[in-house]
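The values are calculated or read from the model by the stated rules, or taken from the named source; none is laboratory data. Nothing here was measured: the structure is a model prediction, and the numbers come from that model. Reconstructed Cβ throughout: ideal geometry from the backbone, glycine too, with neighbour counts over all protein chains shown.
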């Protein structure tokens, strides 16, 4: 079975801590880990006028940064899935698990998604 774990967060330190925690947990099992891959940072910038009436030259700039990482792993044991579901991640981390290939059934092109 092949899995892909997606991690998303607005805090870079939290996502680094969560990916390291998952990596250490998965290395204790009999699965083959394909590394932690950092994806490009999504940056959304906003420009807001400070005054509602006049003085259009006075503006404030804000931005949202979304950090993303994924981990690919392959295993033959279904117990790894139980370990992943029981892992406690820090709050502020969005985690999703996709099953890329299932050895127990026929491989399909459809990806199954599970929210953790």
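The table below gives the values:
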{"read-out": "Single residue of region 31-49 satisfying the filter (part of a loop (DSSP other than H, G, I, E, B) and in contact with a strand residue (DSSP E or B) (Cβ under 7 Å, 6 or more places away or on another chain)) that is farthest from residue 100 (Cα to Cα)", "value": "41"}
{"read-out": "Test: residue 106 is touching a strand residue (DSSP E or B) at 6+ places or on another chain (Cβ under 6 Å), at pLDDT below 90 and exposed (fewer than 10 other Cβ atoms within 10 Å of the Cβ)", "value": "no"}
{"read-out": "Residue 52, sole failed condition from (1) part of a loop (DSSP other than H, G, I, E, B); (2) surrounded by 13 or more Cβ atoms within 10 Å (Cβ to Cβ)", "value": "(2)"}
{"read-out": "Output for region 11-30, where each listed residue is assigned to a loop (DSSP other than H, G, I, E, B), surrounded by 13 or more Cβ atoms within 10 Å (Cβ to Cβ) and without any contact (Cβ under 8 Å) to a residue 60 or more places away in the chain", "value": "29"}
{"read-out": "Region 55-86, residues that are without any contact (Cβ under 8 Å) to a residue 24 or more places away in the chain and surrounded by 11 or more Cβ atoms within 10 Å (Cβ to Cβ)", "value": "59"}
{"read-out": "Hey, residue 81 modelled with pLDDT under 85 and closer than 21 Å to residue 5 by Cα or not", "value": "yes"}
{"read-out": "Residue in region 68-75 that is out of contact with any strand residue (DSSP E or B) (no Cβ under 8 Å at 6 or more places or on another chain) and at pLDDT below 90 present", "value": "no"}
